[in-house]
Every structure is written in structure tokens, then in C-alpha cells.
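The values are calculated or read from the model by the stated rules, or taken from the named source; none is laboratory data. What you are looking at is a predicted structure, and each value in this text was computed from that prediction instead of being measured. Here the Cβ is made from the backbone with ideal geometry for all residues, glycine too, and neighbour counts use every protein chain on show. Ligands, DNA and RNA are excluded from the accessible area calculation, which covers all protein heavy atoms including side chains. Shrake-Rupley method; radii C 1.70, N 1.55, O 1.52, S 1.80 Å.
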Amino acid sequence: MVSEGRVAVAVDVAPQDSRRIRGTPLRAVDLLLLGYLGVVSVVAAIRAPSQPACWWLLLAHALFVVLLFLITRPGLGPVGRTIRELYPLFLLPGLYSELDILNAPGLPVHDALVRHWELLVFGGQISRDWWQAAPSAFWSTVFHAAYLSYYLILSAPALYLAWKGDLAAVRRFVLIVMATFIICYLCFIFFPVAGPYYEFPRPSAWFIGNLPARLAYEALATGSSYGAAFPSSHVAAALAATLAAMRASRRLGLILLIPTALLTIGVVYCQMHYAIDAIAGTVVGLAIGYQLSAIGYRT
């Protein structure tokens, strides 16, 4: 069972104030986000002279503190308590978009090094060559559809568990997913890799002419962040979410294993990620998902 203990603040206070401060309901995911945004704020301030849009990130982070104050107020009703557990997932689009501001085009990327690793391990560039060596409109459709299923893999378990009223399970799930994303995002900031989407020519028109592929490329065209390839957060987060969901519901986790496995293969076959990206994402997803699911952590 997840502990409902709250974070204690070690400061001297008047007796009448001690209960209120000790009761500040900051949880592991709140502290994780505060720490991450603190690091990003420092990076944004350093890069702001050459990338002025980074100043807006500092304002956004200040607004997060306001949000955290509002969402942790006492006396929240059932809807408020549910939103309180889910809110980190709502922040993900904004956190991902920040990466495109921090890693503005022109910032040095490490694709040459990752492609060198790819060559050493696989003897070639799998993401560029695989679909050409084994062309299949059918598998293109399946794998691009699996790529899009990423959004359901991340959201459906949390919404399902919230619908069941199991907020403790929601809390575990959200912490595991957010920890995975934050590790990936820190890698993107300090070791940016553009990935095959930017580095290689697009696959042939027949290969990306199916509906899932068109939708995937439309999503990339409007929402892709530069430098966010290594490790693959698609693979890492999908695996971590599947493991977290499996702890709450074995049946749900087994259902998610299918699209997660297809996604892990598909990001390489469909030339979205280097194979090394997918391997690194697998390691991160399994490590975070397994460790936080297996140990008795405090949320």
C-alpha cells in the first residue's frame, strides 16, 4: 500500500503554525517536478542571451509554482483530488515544447556520435536502411499506428484507474511515467540528438502514404522538438507506463504490451529513431518502471 505520509519541512516555527507547515502535501512527483524545473530554469537563464525565447520559460516555471500552490490546497473535493493526481500528465505537452526552445536549431547535436555507435553495433544505419531492405506497406501502417498509440498508452491507464477511484494507483503510475520523462528530457537538454527525422531524407511516398503515417508525420511537423531523440522517450515512457499499469492491473498491462512492443520496433523501422535511441529508451523505461514498481517508495 502506498504511504499517505506527507513531506515534513525541517524549520523552527511557532506551535500554532507547525501543523500547517508539516501538513504541506508535497509528494514525490511534486518534488521531482520542482527539481527538474529548477535545473531547466538555470539552463534557460544561461541560454537566454543567445535564445531570448528562454526568458518565457522562467515565467512559465513561476506559474507552475502558483499551480502547485493551488492544487495542494486543503479541502479539495473528489474532482479536485483526482486532478491533483493527474496534473503532471497535463503538463507533459508544455514540458516537451520547452525542449524546442532550449534546443533551438543551430545548437550542436550529437547525431554523428550516435550514428557511429549505430555503425559499430549494427554495421549500418538501421533506421535508414531497414524499411528499404524489407519494404512493406502493411507493416508501415501497423507500426505507424503503434507509434500513435503512444498517447493512449500514457493516458488510458491513469484515466482508467482514476475512473475506478484508485487514486493511490494513479499516483504510482504518474510518478513512474514522470520520472521516466524527466530522465529523458535531461538527456535531451545536455546531450541533444536530432534523430533520423531531421538527419535522413523522408521515406518514399508509398511508405508513408497510409493514414496512420500521415497522422504521425502531421504530429511531428507541428509538435516535434529538436534534439529530443536519444534516448527514445516514446519507447522509455511506453515501457514504464506498461510496467506501472501492470502493477495496478495485470490484464491492463498485458493489453498494453502489444502496442508497446510494436512501438519499440516501429520507431526504428519507420525511421523515427536510431536503433541506439530505441535501445537506450528500453533501458531507461525498464529500469525506472521496474525499480519504482518493485520497491516500496514513498509518494
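Can you tell me which of (1) more than 30 Å from Asp166 (Cα to Cα); (2) assigned to a helix (DSSP H, G or I); (3) of a type outside the set (A, V, I, L, M, F, W, C); (4) open to solvent by less than 50 Å² (accessible area, probe 1.4 Å) is the one Thr264 doesn't meet?
(1)
How many residues does region 105-153 contain that are in a loop (DSSP other than H, G, I, E, B) and open to solvent by less than 90 Å² (accessible area, probe 1.4 Å)? Let's see the steps before the verdict.
Of the residues in region 105-153, the ones in a loop (DSSP other than H, G, I, E, B) are 106, 108-110, 123-125, 134-136, 149.
Imposing the further condition that a residue be open to solvent by less than 90 Å² (accessible area, probe 1.4 Å) reduces the set to 106, 109-110, 123-125, 134-136, 149.
Counting residues in region 105-153 that are in a loop (DSSP other than H, G, I, E, B) and open to solvent by less than 90 Å² (accessible area, probe 1.4 Å) gives 10.
Tally up the residues in region 203-221 that are at pLDDT 95 or above and among the β-branched types (Val, Ile, Thr), please.
0
Name, by its number, the condition in (1) open to solvent by 20 Å² or more (accessible area, probe 1.4 Å); (2) of a type in the set (D, E, K, R); (3) part of a helix (DSSP H, G or I) that does not hold for Arg202.
(3)
So, in region 36-55, exactly how many residues are open to solvent by 40 Å² or more (accessible area, probe 1.4 Å) and closer than 19 Å to Ala179 by Cα?
Summing the residues that are open to solvent by 40 Å² or more (accessible area, probe 1.4 Å) and closer than 19 Å to Ala179 by Cα in region 36-55 gives 1.
Surrounded by fewer than 18 Cβ atoms within 10 Å (Cβ to Cβ), part of a helix (DSSP H, G or I) and not aromatic (Phe, Trp, Tyr): which single residue out of Thr222, Thr180 fits that description?
The unique qualifying residue is Thr222.
Please verify whether region 189-197 includes one or more residues that are under 14 Å from the mean Cα position of the chain (by Cα) and not in a loop (DSSP other than H, G, I, E, B).
Here is the first cut: in region 189-197, the residues under 14 Å from the mean Cα position of the chain (by Cα) are 189.
Now restrict to residues that are not in a loop (DSSP other than H, G, I, E, B): 189.
So far as region 189-197 goes, yes, one or more of its residues are under 14 Å from the mean Cα position of the chain (by Cα) and not in a loop (DSSP other than H, G, I, E, B).
Could you run through region 24-71 and say how many residues are assigned to a loop (DSSP other than H, G, I, E, B) and closer than 20 Å to Tyr87 by Cα? Full working, then the answer.
Of region 24-71, the ones assigned to a loop (DSSP other than H, G, I, E, B) are 24-27, 48-53.
After this cut, where a residue has to be closer than 20 Å to Tyr87 by Cα as well, the list is 24-27.
Residues flagged as assigned to a loop (DSSP other than H, G, I, E, B) and closer than 20 Å to Tyr87 by Cα within region 24-71 amount to 4.
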